[in-house]
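Quick notes on the structure that follows.
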Amino acid sequence: MDLRLLYGENCNIDEKIERIEKLKKSFSDNEGINPTHVFSSSGRAEILGNHTDHNHGLVMVASISCDVVAVVAKRNDNVVKICSEGYPAVEVDLSNLSVKESEKGKSDALARGVADAISKRGFNIGGFTAYTSSNIFKGAGVSSSAAFEVLVAEIFNTLYLHGKLSDIDRAVISQYAENVYFGKPCGLLDQSGISIGSLVKLDFNQPEKPEVKKLQAPSGYTLVITNTGGNHAALTEHYAAIRSEMEEVASFFGKKVLRDVPRRDFEKMLPTLKRRFSGRAILRALHFYNENDRVIKAQNALLSNDTATFLDCVNKSGESSLTLLQNCYVPGDVKQPVVLGIELSKNFIKDGACRVHGGGFAGSILAIVNDNEVKNYVQFMKKMFGDGNVFEALIRPIGTTLVEVLR
């Protein structure tokens with residue numbers, strides 16, 4: 001595979017090849033055999049649809065030019081061994097795929113959960129050893145866990161399933177691993193964007209069979225992701241509250257998710273809802289409906305080459321996340337780095353958009369910046385948040401993939 005498809009036309013090919021060669025050497029030196037396959041699984045950028053996927057909403061997401069690379073070979077002992085640079089090795093015995101409470105929040109849980117989900121589909125799988133290297137931005141909310149999950153799913157898919165899993169199959173399997181084994185109640189946005197590749201609009205009305213439409217991003221703009229600071233490790237309860245509050249409102253109407261509650265019914269019952277639920281829950285439900293409308297409007301704008309309307313939708317989505325969804329800072333936090341980063345960006349960017357990125361509460365923001373402004377914007381944000389916390393990204397057309405079969 002031409003590596004420029006993964007990293008962009010202007011990438012340093014020699015650097016990318018050297019990265020893979022280093023992994024191959026480490027594998028051979030430590031395992032005494034040579035790897036047989038090379039895989040890549042990207043990070044993702046959430047463009048629109050902030051926290052709507054778990055209530056079967058509409059989203060817009062893109063895979064981007066950072067990734068986890070893995071060199072892999074089969075094993076004969078029914079064990080999955082994954083050695084990631086800078087981390088302890090993961091070893092999972094495939095003869096025991098039950099949930100382990102001690103693994104919650106760890107990579108072991110993700111690998112075990114993926115294996116369990118594939119096995120429950122009736123497939124026979126086996127062991128493998130993988131050595132991985134990741135340049136997915138640390139702390140920037142581009143879904144390193146989802147990249148890892150989908151990577152493991154594709155390794156099984158290639159080595160044992162003859163490619164029978166579709167992009168969506170891999171995403172659903174990976175979400176199951178994160179929900180049930182890892183312990184995070186995420187929706188399907190991250191895994192789908194990483195598995196499918198390119199810029200896509202997804203409709204999760206049927207969550208295990210989402211409607212997928214690939215779109216062309218506007219030319220002349222660059223994605224810039226800035227890690228503004230904060231740690232996601234202690235934020236699971238805040239993420240979970242968004243989903244649970246939306247679902248509590250849906251349950252008032254006898255439904256599990258808001259997608260099954262018509263907006264007119266929601267609006268008609270607002271006086272009763274106000275007496276029954278918190279204002280925040282009602283605002284988050286309203287965000288859900290507004291976001292769905294924005295995704296459709298943004299899609300139509302891209303199809304008609306109306307870049308200004310598309311960027312306006314992204315900006316309005318960010319405003320809604322701040323005021324309705326309320327996931328731009330943890331309650332009581334006076335530092336508020338995400339809000340600061342967004343406001344500084346809005347003051348700087350003349351042609352583009354800016355919003356909270358991903359789960360929110362801490363971490364990163366996403367800016368879509370006119371290429372004429374990118375250099376100065378990146379320099380400014382590096383001064384504010386540090387050189388290692390500002391990243392330029394390209395949308396890559398290919399999701400998680402087999403890169404090479406080694407001879």
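The values are calculated or read from the model by the stated rules, or taken from the named source; none is laboratory data. These figures come from a predicted structure and were not determined experimentally. Neighbour counts run over all protein chains shown; Cβ positions are idealised from the backbone, glycine included. For accessibility, only protein heavy atoms count, side chains too; no ligands or nucleic acids. Shrake-Rupley method; radii C 1.70, N 1.55, O 1.52, S 1.80 Å.
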Order of 249-261, 9-21 by packing, highest average Cβ count within 10 Å first?
249-261, 9-21
For region 340-407, compute Rh as the Kirkwood radius over C-alpha pairs and then the Stokes-Einstein diffusion coefficient at 4 °C and 1.567 mPa s; write the answer in µm²/s, rounded to an integer.
94
Compute the length gained on full extension between Ser98 and Ser278: take 0.36 nm times their separation in residues and subtract their Cα-Cα distance, giving the result in nm to one decimal.
61.0 nm
Partners for Lys184 among lysines (Cα-Cα distance below 20 Å; same-chain residues under 8 apart left out):
Lys100, Lys104, Lys106, Lys138, Lys256
Residues other than Leu94 with Cβ under 14 Å of its Cβ, Lys/Arg counted +1 and Asp/Glu -1, net out at +1
From the phi of every residue in region 386-393, what ³J(HN,Hα) in whole Hz does the Karplus formula 6.51 cos²θ - 1.76 cosθ + 1.60 yield, where θ is phi - 60° and glycine or proline is x?
x, 4, x, 10, 10, 10, 8, 9
For region 130-189, taking Cα atoms only, what is the radius of gyration to one decimal and the Dmax to the nearest whole Å?
12.1, 35
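Would you kindly work out the equivalent ellipsoid of region 1-120 from its C-alpha gyration tensor and give its semi-axes, the square roots of five times the eigenvalues, largest first in whole Å?
Each semi-axis is √(5λ); the values are 27, 26, 11 Å.
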Hey, can you grab everything whose amide H is under 5 Å from the amide H of Cys328? Only 5+ residues off in sequence or another chain; H modelled, so Pro and N-termini drop out.
Phe361
On a 0 to 90° scale, report how tilted helix 107-120 is relative to the longest principal axis of the chain, with both axes built from alpha carbons and the result rounded to the nearest 10.
90
Along Cα→Cβ, 7 Å out, is where each label goes; now give me the distance between the ones at Asn179 and Glu237 in nm to one decimal.
2.3
Span from the region 370-393 Cα centroid across to the region 30-84 one, whole angstrom:
26
Roughly how far apart, in whole Å, are the Cα centres of region 182-209 and region 244-312?
18
As a test question: what accessible area, to the nearest 10 Å², does Val405 have when a 1.4 Å probe is rolled over all protein chains in place?
60
With every protein chain left in place, what is the accessible area per residue of region 195-296 in square angstrom, probe 1.4 Å?
49
Out of every Cα pair in region 251-407, what percent are spaced more than 20 Å from each other?
61
Taking amide H positions as placed 1.01 Å from N in the peptide plane, with prolines and chain starts having none, which residues 5 or more places from His37, or on another chain, fall under 5 Å of its amide H?
Val72, Leu406
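What is the ratio of the Cα radius of gyration of region 196-321 to 2.2 N^0.38 Å, with N the residue count, to two decimals? Numbers along the way, then the final one.
Values: Rg = 16.9 Å, N = 126, 2.2 N^0.38 = 13.8 Å.
Normalised Rg, Cα atoms only: 1.22.
Taking N as the number of residues in region 92-248, what is its alpha-carbon radius of gyration divided by 2.2 N^0.38 Å? Present the calculation step by step, with values, prior to reporting the outcome.
On the way: Rg = 16.3 Å, N = 157, 2.2 N^0.38 = 15.0 Å.
So the Cα radius of gyration is 1.09 times the expected 2.2 N^0.38 Å.
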For region 250-318, the Debye formula with one identical point scatterer on each Cα and no solvent gives log10 I(q)/I(0) at q = 0.16, 0.19, 0.21 Å⁻¹ as -0.63, -0.77, -0.85
With 22 Å as the cut-off, how large is the P(r) tail for region 70-150, expressed as percent of Cα-Cα pairs?
23
Inverse of mean 1/r across different Cα pairs in the chain, Kirkwood, Å:
21.7
Leaving ligands, DNA and RNA out of it, work out the accessible area of Asp387 with a 1.4 Å probe and give it in Å² to the nearest 10.
120
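Order His357, His56 by their accessible area, 1.4 angstrom probe, all chains in place, largest first.
Reading off the accessible areas and sorting them downward yields His56, His357.
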